[in-house]
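See below for the structure under consideration.
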Amino acid sequence: MSLFPVYPLFPVEIVQGKGCRVWDAEGHEYLDLYGGHAVISIGHAHPTYVEAISRQVAKLGFYSNSVINSLQEELGRRLPQAAGYPDFSLFLVNSGAEANENALKLASFHTGRSRVLAASKAFHGRTSLAVEATDNPKIVAPINANGHVTFLPLNDLPAFEAELRKGDVAAVIVECIQGVGGIRLATAEFMQGLRKLCDETGTVLICDEIQCGYGRSGRFFAHQHLGVTPDLVTCAKGIANGFPMGAVLISPKFEATYGMLGTTFGGNHLGCAAALAVLDVMEAEQLTANAARVGDFLLQAFRELQSRCPHITNVRGRGLMIGIEFDQPIKEMRGSLVRDFHVFTGAASTNILRLLPPLCLTEAEAREAVAKIEEAVKKM
Ligand SMILES: Cc1ncc(COP(=O)(O)O)c(C=O)c1O
């Protein structure tokens with residue numbers, strides 16, 4: 001064993017992909033309802049994406065952030081525009097945790113404060129500040145437990161208000177659809193109440209859109225269903241369809257000083273070429289609208305399945321981010337989905353099936369997904 005064994009693995013190697021399908025080393029085809037953990041947005045091996053990256057790597061793969069990078073500038077214009085925030089600026093990094101780390105740092109610089117409020121069951125990443133804001137003691141090492149973060153129940157506005165009124169909170173960070181936490185949705189009333197309280201107390205509102213954003217919910221960002229504009233938005237995963245990239249969208253009220261944030265690899269030429277190709281394909285193929293349409297179809301179909309299947313206790317989600325909760329552990333069933341039905345899915349806790357397919361999932365593939373999951377559930 002030469003790899004540090006931190007990942008429980010399905011006994012299969014995926015070597016190829018196309019759209020919402022992947023193939024293992026022996027040539028077996030699988031339906032990908034997991035999107036490589038919500039990362040594949042425009043589909044595997046999209047020709048526009050392959051062409052853009054190939055062309056860029058043949059020209060220039062990397063140069064440092066010490067010189068002008070016109071691809072970065074183009075992304076700095078196009079991403080906020082596509083998201084509906086044309087006056088926001090962009091800071092590019094390499095992962096989701098790093099995006100949250102920098103957003104929390106910016107909030108602290110901006111307010112001069114060091115407390116953070118986060119929601120119970122939140123997952124914000126595994127680096128120092130991001131993991132401290134993650135409600136899972138198993139992944140918080142003693143060196144990360146610095147007492148900056150208070151966890152409060154999602155949607156409990158009075159609990160957040162009581163802390164915010166103390167006037168010492170730098171930031172509230174929220175996933176409007178919790179992913180790892182089990183596809184739990186923030187309400188419009190909660191988010192609008194938080195926005196108002198943050199304004200009144202000079203607190204920064206951060207929406208972590210790393211999993212629920214970038215078209216997945218059926219709007220560009222999940223918070224856009226809820227009628228709020230955050231001060232900072234973090235994204236990663238789908239932004240570059242598998243090329244490692246993260247970003248912080250920053251409202252105009254933040255001031256930059258040279259050197260306050262930085263990274264060697266963030267915003268590199270290849271990543272920017274990948275992210276621009278993702279935006280091209282999302283626009284050309286209207287993938288956000290597709291996520292809304294096919295997501296509605298799936299939610300309806302799984303609710304019908306729930307009425308036929310007593311093991312399913314709840315179905316929830318928005319767009320192509322769907323949780324199916326069971327009355328028992330689903331480890332065996334997920335294994336059977338891969339082995340017997342050739343379908344990849346995700347999980348949250350021990351009993352919630354989490355579906356995060358590429359945004360290009362067709363209705364025919366959605367029907368196939370429901371039929372195969374129904375067969376696997378029958379074997380429970
Ligand atoms: C909501 C959310 N925030 C942050 C992260 C961390 O992202 P990364 O693994 O790219 O650091 C994740 C990853 O699953 C996530 O789902």
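Every number here is computed from the coordinates shown, using simple stated rules; none is lab data. The structure displayed is predicted, hence computed values, not measured ones. Every residue, glycine as well, gets a Cβ built from its backbone with ideal geometry; the counts of neighbours run over all protein chains shown.
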With charges only on Cβ, +1 for K and R and -1 for D and E, what is the dipole size of the chain about its Cα centre, in debye, rounded to 20?
-> 280
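Peptides 283-289, 56-62, 30-36: what's the order by average Cβ count within 10 Å, highest mean first?
Put in order of decreasing packing, that is 30-36, 283-289, 56-62.
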Excluding residues fewer than 8 positions from LYS138 in its own chain, the lysines with Cα under 20 Å of it are LYS121, LYS331
By a straight-distance test (C-alpha under 30 Å), which lysines pair with LYS59 as possible cross-link partners, with residues fewer than eight away in the same chain excluded?
-> LYS18, LYS237
Choose one of VAL22, PRO142, ALA376: the residue whose Cα lies farthest towards the positive end of the charge dipole of the chain (beta-carbon charges +1 Lys, Arg; -1 Asp, Glu; about the Cα centre).
-> PRO142
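What is the sum of charges around VAL93, taking Lys and Arg as +1, Asp and Glu as -1, for the other residues whose C-beta is under 15 Å from the C-beta of VAL93?
-1
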Expressed in whole Å with the largest first, what are the equivalent ellipsoid semi-axes of the stretch 11-141 derived from the C-alpha gyration tensor as the square root of 5 times each eigenvalue?
-> 31, 25, 14
Over the stretch 47-285, what per residue volume does the convex hull of the Cα atoms give, in whole Å³?
-> 123
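What ranking do 323-336, 193-206, 136-149 get when scored by the average of other Cβ atoms within 10 Å per residue, highest first? Before the final figure, lay out each step's value.
On the way: 323-336: 17.6, 193-206: 19.4, 136-149: 12.2.
My ranking of the peptides, most packed first, is 193-206, 323-336, 136-149.
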Excluding ALA371 itself, what net charge comes from residues whose Cβ is under 15 Å from its Cβ, given Lys and Arg +1 and Asp and Glu -1?
-> -2
Would you pull out the residues with amide H under 5 Å of GLN16's amide H, same chain only if 5 or more places away, H placed 1.01 Å from N?
-> TRP23
Along its principal axes, what span do the Cα atoms of the stretch 269-309 show, with the longest given first and each in whole Å?
-> 50, 17, 7
The equivalent-ellipsoid semi-axes of the stretch 1-77, taken as the square roots of five times the Cα gyration tensor eigenvalues and listed largest first in whole Å, are 31, 18, 13
Which of the lysines could a cross-linker bridge to LYS196, judged by Cα under 20 Å and excluding same-chain residues fewer than eight apart?
-> LYS166, LYS253
Report the net charge of residues surrounding ASP32, where surrounding means a beta-carbon distance below 15 angstrom and charges are Lys +1, Arg +1, Asp -1, Glu -1.
-> +2
